[in-house]
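One structure is given here, and the rest of the page talks about it.
Readers should treat all values here as calculations from the given coordinates under stated rules, not as data from a laboratory. Owing to the predicted nature of the structure, the values given are computational and were not obtained by experimental measurement. Reconstructed Cβ throughout: ideal geometry from the backbone, glycine too, with neighbour counts over all protein chains shown.
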Amino acid sequence: MKRSKGILGNIAATIYFIFPMCLILIILIVIPIGFLTDVSAIRGSGFAPPNTITPFMGICGFVIGLSLLIPPLRKMYKALPWLYPLTKIFYVNLVILSIGLEILNRGYQVINNARHATFFILMIIQIIACRIAMCIYFKLKPAKYIEER
């Protein structure tokens, strides 16, 4: 019985990795490129569209959270030791970029060139400061692979 539970857990982890986690990894890698296009579109048009990163952040957080909470799905992090640090670092990066885009959108709510420039500079400072804080955090507490509990 225990052997069949292990096999079923491995199958569940494999299926979960193939469909939702591969999609989430693609999203986590492509969103920074989309962030650059969003910023250039906002700067070019002078209009603040809705923040498109926030829904992706929620979806990614849900899928990653499920994979960390359900023990059979956690096996994929043991089989692929690079996956946990990658998802952790890229998810924090996604949060940082979402906050930066929200700051830029707040600056473009009013038609004022000085305010636009101020909030653009504020967004750059926020991204740099948060990335430095993230680097310090991961230097002090490296994102290692998950051990079985």
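A few comments on the model shown:
- The label-point distance for Lys139 and Thr14, in a model that sets each label 7 Å from Cα toward Cβ, rounds to 4.2 nm.
- Helix axis angle, 2-16 relative to the chain longest principal axis, alpha carbon, degrees: 20
- Most to least packed among 97-108, 127-138 [average Cβ atoms within 10 Å]: 97-108, 127-138
- Degrees, to the nearest 10: 53-69 long Cα axis against longest axis of the chain: 20
- The protection proxy used here, the mean number of other Cβ atoms lying within 10 Å of each residue, ranks peptides 80-91, 37-48 as follows, highest first: 80-91, 37-48.
- In the chain, helical runs assigned H by DSSP with n ≥ 4 each contribute -39500 (n - 2.57); averaged across all residues and rounded to the nearest 500, the mean residue ellipticity at 222 nm is -27000 deg cm²/dmol.
- Reference-scaled alpha-carbon Rg (2.2 N^0.38 Å with N residues) for segment 1-117: 1.39
- Between helix 22-45 and the chain: long-axis angle, C-alpha atoms, 0 to 90°, nearest 10: 0
- The chain, relative contact order in percent, only Cα pairs under 8 angstrom and at least six apart counted: 30
- Between Ile111 and Ile59, the contour length at 0.36 nm per residue exceeds the alpha carbon distance by 15.4 nm.
- Pairwise FRET efficiency - Ile29 versus Ile121, Cβ, R0 = 22 Å, nearest 0.05: 0.20
- Total lysine pairs under 16 Å (Cα atoms) in the chain, excluding pairs fewer than 8 apart on one chain: 8
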